[in-house]
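Worksheet for the structure shown next.
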Amino acid sequence: MTPHPPITRGELAALVGGSSPTTLTPVGGRSRRCTVQHQGVTIRCGAPGTTPLPGEGSATGRLEVELSGLDRMVEHRPEELVATVECGISLSGLQRALAAHGQCWPIAPPCSGLAEGSPSTLGGTLAANVCGLERLRFGTARDWVIGATLLRGDGSFARAGAPVVKNVSGYDLTKLYLGAWGSLGVLVEVHLKLTPIPPVRTCVVVDRSTTPDMDFNRIRATAASLSGACLVDHEGTSRLYLLLAGVETAVARDLERSGARTFDPGDPLGSPGALDAIRAGTDTHLSLRIGTDPAQATRLRSALDHQLGRETPERVVSLLGTGISWLGWTRPVEPSQCSGLVQRVRSLARDLGGFATVERAPMEAEILSWWGTRGHAARLTRAIKLALDPENRFPPPPVDDDGD
Amino acid sequence: MRLAATLFAALRDLLGDERLVTEFQDLITYECDGHTLETAVPLAVALPETTGEVSEVVRLCRLHGVPFVARGTGTGLSGGTLSPPGGIVIALTRMNRILEIDAPNRRARVQPGVVNAHLSVASQPYGLLYAPDPSSQGACSMGGNVAENSGGPHTLKYGVTTNHVLALELVLADGNVVRTGSGIGDAPGYDLTGVVVGSEGTFGIVTEITVKLLPIPASVSTLLAVYDAVDDACAAVSAVIAAGIVPAALELIDRLGIEAVESHLKVGYPLGADAVLLIELEGDPLEIEPARVDIERICRAHGARDVRLAADEEQRRLLWKGRKQALGALGKLAPAYYTLDGVVPRARVPEAIRRIGAIGRRLGLRIANVCHVGDGNMHPLILFDPQAPGEIERVHQAGEEILGMCIALGGALSGEHGIGIEKRELMPLLFSDEDLDQMRRLRRVFDPEEQCNPGKIFPTGRPSEPALPRQVRGWV
Ligand SMILES: Cc1cc2nc3c(=O)[nH]c(=O)nc-3n(C[C@H](O)[C@H](O)[C@H](O)COP(=O)(O)OP(=O)(O)OC[C@H]3O[C@@H](n4cnc5c(N)ncnc54)[C@H](O)[C@@H]3O)c2cc1C
């Protein structure tokens, strides 16, 4: 790999649209860099090398290009609650700049480990469609990105959306680019919708939650300041963490109503940042994000034990009320077993009304379909890829039909 | 004509006489939607009742090379349902069942012909509601809402349709049926649901929709702030947002709008005021009470001559009745009216309203403003007489100038009504060739032969042809 100094937007366009079949690699998630390579394209959602996604393993003759030059806050209009930013900006840098005006981009708010001090770039976060712990209140990136400029394979830029919060002018192409793992082009600039930072924001814990779905429903019904609820089964313990955000009186009332307590000093998960690191599973060998019907967190756990037996993941983290969970295998998993394990989890998730997608796997594991897309949706996905990146400069979307 | 005859025979076999409209006098009902400036009578109207029937109708159209367009309840305001030349309309009004209200998972599954407001009524016993609330919610269909990515007053806090749609069933232009998204949202892969929402019926026909439901808010506080100058009202809006308060709804009605509402609806808006702001807060009483106090203070500090709080549900209902029926009330002031839908950054609303006034004066047209001011979504409403010589042309000119002005101020062509046929020629004002090329490529993935609602969204380079008025229309 040949490191390349930071580049400008024009240089980037020239590189990508140049006559050689150069391919661009926005390195996503928690890595800072964007890579241009000659063959195969990658988005890494973890420390380099730990999260090989399709294309990465096989790539050769790679030319790396830092996108850190594209990290400007182009415009922040606090009175409009919108900002236009370049995608190489770090999440922490973004949140700091917004916080100076009492605002934040709520998908990775400042209390989240995803943002503070983390090298994650906005572009990587969007390409991987990472959501924050407060998904219950704020949803996902698709609710908070209102426009995008995409660098296409021919070196031209295509814009969609605008820096206004309401807009139905033309197709909402921005949505297509979020979570596309860079397969359709490079997200260069986005318009973000923002929200005021709540006066108080805190993370508390409920011990011994034996009926988490019921506990959660009770708390949700009475605690209006609840912005997130995270059930963590980890190293033999099960704990329910609550994120509360709002005016001081509401947060204090809900802390009391929920029966939660503030953290013990020394609790290894005693901060939203630590909690988010657990969720992100940076220490796992295999990590799957699964969706199940939101009211199924308890059933998910018993189904995992029942159907995976000894192979059940050591860690299960659920964002209650949203249906989203992460399964993490912290012990090494044989690469040859990964594909079968993924298939079994996927069929279990489908039985519970949802899906499973691979977020991290050993380098050598051969996984048929990272996304698990099927049928006509898989066919449409391939057709979209062909239409928007006809020269295949960007990585393929990992959608081989998973057969069932 | 032979072509039509064989297609009609096949459609009649499928749907029977009762669900296939072919008589001219019946087809006229379908010649336009709420955008009455352009019209086109379809060859026929099919009324399927199941996804299978929709798929079969589409297959037959494809077989005969006949273009088609989906239609909900025809309240669209950009001419999206206008039949393509030689095309047929597929009306979804008979697919109007709420299939499931899944209270534990806070979601619902509906057919496309379900009327928006009916879903919230059905969800109410579970303590839930469907948040997007277009002013037409008593009439418009969920399928139309998905196609137009509709908004409404409360989208300031809750977002527009796309933020509430989890999954779709879509009949593609080749008749195949595809399911997008999941009941959970956040499904892996390309966000197909996200691009189908707002695609104005050009990607296929939506036959089933899964949406999120939200809990009915614990408390609601509704204020009416009265101003002698529109500029002051707009300054108050910016100050509210700058203070870190995002109300559930923030609406503005100008002098002409107030007069129309009061003369026809008598809801208690103050005659003689230059503008009123309707502001609603929803949620936890501990959150909204201090916010209400702040808003009152901010409104007065920016020149409100009066700030009234709705004392009970009846007063609140009346205040909203005025806003939701304002377009209809304005429509009674003239033989016809034309509602525009531009967006500007909210801080530019005062300037936009001034410029709209100037355009109206120059072209000799009365223009009222009823807008979702909280998110900069302008609805200038042009009153006119279609029989007056040259008036329709001037209305078109005013519309183009106003939308051009919105873009010049840093806004967009449409906030919630879509591009349709109405604004397609203006798309190059907002988008470059590359931007439009990217959209066209996507369109051809879903509909390679462009048979599904052709002639919409994309510029043709030809000016639109004003309709010769068959009747005086206006939505009420
Ligand atoms: C008085 C009045 C007030 C209004 N207020 C608002 C408002 O506050 N906010 C707002 O956003 N809009 C508003 N509208 C506009 C309109 O009501 C919305 O655009 C609505 O979503 C249209 O729904 P419909 O069922 O009438 O669709 P139609 O008018 O029948 O169709 C609109 C478009 O949707 C497509 N379509 C319809 N059904 C399907 C389907 N099943 N699959 C694929 N495509 C389909 C059609 O082809 C067409 O392109 C208002 C209209 C009126 C008349």
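Overview of results
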| item | result |
| --- | --- |
| First in region B:263-288 and at pLDDT 95 or above, second anywhere and among the aromatic types (Phe, Trp, Tyr), Cβ under 8 Å, 6 or more apart | B:Ala273/B:Tyr227; B:Asp274/B:Tyr227; B:Ala275/B:Tyr227; B:Val276/B:Tyr227; B:Val276/B:Tyr269; B:Leu277/B:Tyr227; B:Leu278/B:Trp320 |
| Looking only at region A:164-184, and only at residues there that are facing another protein chain (nearest Cβ under 7 Å) and in contact (Cβ under 8 Å) with a residue 60 or more places away in the chain, the one that is surrounded by the fewest Cβ atoms within 10 Å (Cβ to Cβ) | A:Leu176 |
| Members of region B:334-352 that are over 20 Å from B:Gly418 (Cβ atoms) and at the interface with another protein chain (Cβ under 9 Å from one of its Cβ atoms) | B:Pro345, B:Arg346, B:Ala347 |
| Tally of residues being under 20 Å from B:Ser414 (Cβ atoms) and part of a loop (DSSP other than H, G, I, E, B) across region B:140-173 | 10 |
| Filter result (more than 8 Å from every other protein chain (Cβ to nearest Cβ) and more than 16 Å from A:Gly161 (Cβ to Cβ)) within region B:407-422 | B:Ala408, B:Leu409, B:Gly420, B:Ile421, B:Glu422 |
| Spans of helices (runs of 4 or more DSSP H) in region B:306-393 with at least 2 residues among the acidic types (Asp, Glu) | B:313-324 |
| Residue match in region B:95-105 (condition: polar (S, T, N, Q), facing another protein chain (nearest Cβ under 10 Å) and touching a residue at least 60 places away in the same chain (Cβ under 8 Å)) | yes |
| Verdict on A:Glu359 being in contact with a Lys or Arg (Cβ under 9 Å, 6 or more places away or on another chain), crowded, with 22+ Cβ neighbours inside 10 Å and either within 12 Å of chain B (Cβ to nearest Cβ) or not aliphatic (A, V, I, L, M) (or both) | yes |
| Candidate set: region B:120-138, residues that are within 15 Å of the ligand (Cβ to nearest atom) and closer than 17 Å to B:Arg109 by Cα; chosen: the one surrounded by the fewest Cβ atoms within 10 Å (Cβ to Cβ) | B:Ser120 |
| Top-ranked residue in region B:307-326 [being more than 29 Å from B:Tyr337 (Cβ to Cβ) and touching a residue at least 40 places away in the same chain (Cβ under 8 Å); ranked as surrounded by the fewest Cβ atoms within 10 Å (Cβ to Cβ)] | B:Leu309 |
| Which listed residue is among the acidic types (Asp, Glu) and modelled with pLDDT under 90, from A:Asp389, A:Asp402 | A:Asp402 |
| Test: residue in region B:39-51 that is within 14 Å of chain A (Cβ to nearest Cβ) and within 11 Å of the ligand (Cβ to nearest atom) | yes |
| Among residues of region B:239-261, those that are more than 16 Å from B:Asn369 (Cβ to Cβ) and surrounded by fewer than 20 Cβ atoms within 10 Å (Cβ to Cβ), counted | 5 |
| Condition broken by A:Leu327, with the remaining ones in (1) free of Cβ contacts under 8 Å to residues at least 60 places away in the same chain; (2) in a helix (DSSP H, G or I) satisfied | (2) |
| Single residue of region B:414-441 satisfying the filter (in contact with a Leu (Cβ under 7 Å, 6 or more places away or on another chain) and within 16 Å of A:Thr174 (Cβ to Cβ)) that is modelled with the lowest pLDDT | B:Leu430 |
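The values are calculated or read from the model by the stated rules, or taken from the named source; none is laboratory data. As the structure is a prediction and not an experimental result, all values here were calculated from the model. Quick reminder, even Gly has a Cβ in these numbers, built from the backbone with ideal geometry, and neighbours come from all protein chains shown.
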